[in-house]
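Chemist: Structure provided below as structure tokens; questions to follow.
The values are calculated or read from the model by the stated rules, or taken from the named source; none is laboratory data. This is a predicted model, so every value here is computed, not measured. Please note: Cβ atoms are built from the backbone with ideal geometry, for glycine as well, and neighbour counts cover all protein chains shown.
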Amino acid sequence: KNEVEQSPQNLTAQEGEFITINCSYSVGISALHWLQQHPGGGIVSLFMLSSGKKKHGRLIATINIQEKHSSLHITASHPRDSAVYICAVSDPGTYKYIFGTGTRLKVLA
Amino acid sequence: DAGITQSPRHKVTETGTPVTLRCHQTENHRYMYWYRQDPGHGLRLIHYSYGVKDTDKGEVSDGYSVSRSKTEDFLLTLESATSSQTSVYFCAISRQGTDEQYFGPGTRLTVT
């Protein structure tokens, strides 16, 4: 069983929809990270969370440390949001990242 | 965007040949990482560096070596490339181990 699990693996939405991507982890962490990777593109850090909630534009990330769960929400989705979204956690001793396998999002116009 | 470049961006090579990938940063960050990304596995750490001449192994280090003789450059070498090393390789940097990592654009390597 992977230490970081994401769901769903694939998601197709219509433009304007509210989107939620989930991440569960089974290890202790120092922080949780949400990353974005566009097709053929590089990887961009969206959020680094150790508690609570963060918002940047139409993106919102939350974390529940007790339940070992995080969600990434996209409000008013747009085709340019189409990308792979990757959840990663930092090991509290080494700070190395442990990655989920990603959620592939496609937003249709 | 963090100043990270990778070279080459694409490479096709034959089994058994040596290959060196370069990661260059202009941010003077202390930590540098090499990952590979494969379908179904996500990103996996190959090696990382926490300073000049200070490196350590990641979870998939077999068949790879690294060197860091300057703060700005981190080299990944496949001594004798195998088809299982066909992958997309990403370099990342962070100011401290506790900080966010910033990723380079990636190198697509094909071993035939």
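Chemist: Check the stretch A:51-59 and report whether any residue there is of a type in the set (Ser, Thr, Tyr) and at pLDDT 95 or above.
Modeler: Among the residues of the stretch A:51-59, not one is of a type in the set (Ser, Thr, Tyr) and at pLDDT 95 or above, which makes the answer no.
Chemist: OK, next. I'd like the full set of residues that are of a type in the set (Asp, Glu) and farther than 20 Å from residue A:98 by Cα, limited to the stretch B:44-64.
Modeler: B:54
Chemist: Here's something else I'd like to know. I'd like the full set of residues that are farther than 16 Å from residue B:15 by Cα, within 10 Å of the chain's Cα centre (by Cα) and away from every other protein chain (no Cβ under 12 Å), limited to the stretch B:66-88.
Modeler: Within the stretch B:66-88, B:66, B:74, B:75, B:76 meet the criteria.
Chemist: Taking the criterion of being more than 13 Å from every other protein chain (Cβ to nearest Cβ) and out of contact with any His (no Cβ under 9 Å at 6 or more places or on another chain), would at least one residue in the stretch A:40-47 satisfy it? So that I can check it myself, show each step before the final result.
Modeler: In the first step, residues of the stretch A:40-47 are kept if they are more than 13 Å from every other protein chain (Cβ to nearest Cβ); the result is none.
No; the residues of the stretch A:40-47 include none that is more than 13 Å from every other protein chain (Cβ to nearest Cβ) and out of contact with any His (no Cβ under 9 Å at 6 or more places or on another chain).
Chemist: Of all residues being basic (Lys, Arg) and not in a strand (DSSP E or B) in the stretch A:42-90, which is surrounded by the fewest Cβ atoms within 10 Å (Cβ to Cβ)? Just the residue, please.
Modeler: Top of the filtered list is A:80.
Chemist: Please name all residue pairs, on different chains or six or more residues apart, with Cβ atoms under 6 Å, provided the first residue is in the stretch A:27-51 and is more than 16 Å from residue B:101 (Cα to Cα) and the second residue is surrounded by 18 or more Cβ atoms within 10 Å (Cβ to Cβ).
Modeler: A:38/A:83
Chemist: Considering each residue of the stretch B:100-112, count those that are in contact (Cβ under 8 Å) with a residue 40 or more places away in the chain and within 14 Å of another protein chain (Cβ to nearest Cβ), and give that number.
Modeler: To start, the set of residues in the stretch B:100-112 that are in contact (Cβ under 8 Å) with a residue 40 or more places away in the chain comprises B:101-112.
Imposing the further condition that a residue be within 14 Å of another protein chain (Cβ to nearest Cβ) reduces the set to B:101-108.
Selection size over the stretch B:100-112: 8.
Chemist: Within the stretch B:38-49, track down each residue that is surrounded by fewer than 20 Cβ atoms within 10 Å (Cβ to Cβ) and closer than 18 Å to residue B:104 by Cβ.
Modeler: B:38, B:44
Chemist: For residue A:33, which of the numbered conditions (1) within 14 Å of residue A:74 (Cβ to Cβ); (2) under 12 Å from the mean Cα position of the chain (by Cα) fails to hold?
Modeler: (1)
Chemist: Would you pick out the residues in the stretch B:64-89 that are among the aromatic types (Phe, Trp, Tyr) and touching a residue at least 40 places away in the same chain (Cβ under 8 Å)?
Modeler: Within the stretch B:64-89, B:74, B:89 meet the criteria.
Chemist: Can residue A:93 be described as within 14 Å of another protein chain (Cβ to nearest Cβ), crowded, with 22+ Cβ neighbours inside 10 Å and of a type in the set (Gly, Ala, Ser)?
Modeler: In short, no.
Chemist: Among the residues of the stretch A:16-34, write down those that are within 28 Å of residue B:105 (Cβ to Cβ), more than 8 Å from chain B (Cβ to nearest Cβ) and modelled with pLDDT of 95 or more.
Modeler: Across the stretch A:16-34, the qualifying residues are A:19, A:21, A:23, A:25, A:32, A:34.
Chemist: Considering only residues that are exposed (fewer than 14 other Cβ atoms within 10 Å of the Cβ) and in a loop (DSSP other than H, G, I, E, B), which ones fall in the stretch B:1-30?
Modeler: Within the stretch B:1-30, B:1, B:8, B:9, B:14, B:15, B:16, B:17, B:18, B:26, B:28 meet the criteria.
Chemist: Further question: Here is a list: B:96, B:85. Which entry is at pLDDT 95 or above and in contact with a Phe, Trp or Tyr (Cβ under 9 Å, 6 or more places away or on another chain)?
Modeler: When all the criteria are applied, what remains is B:85.
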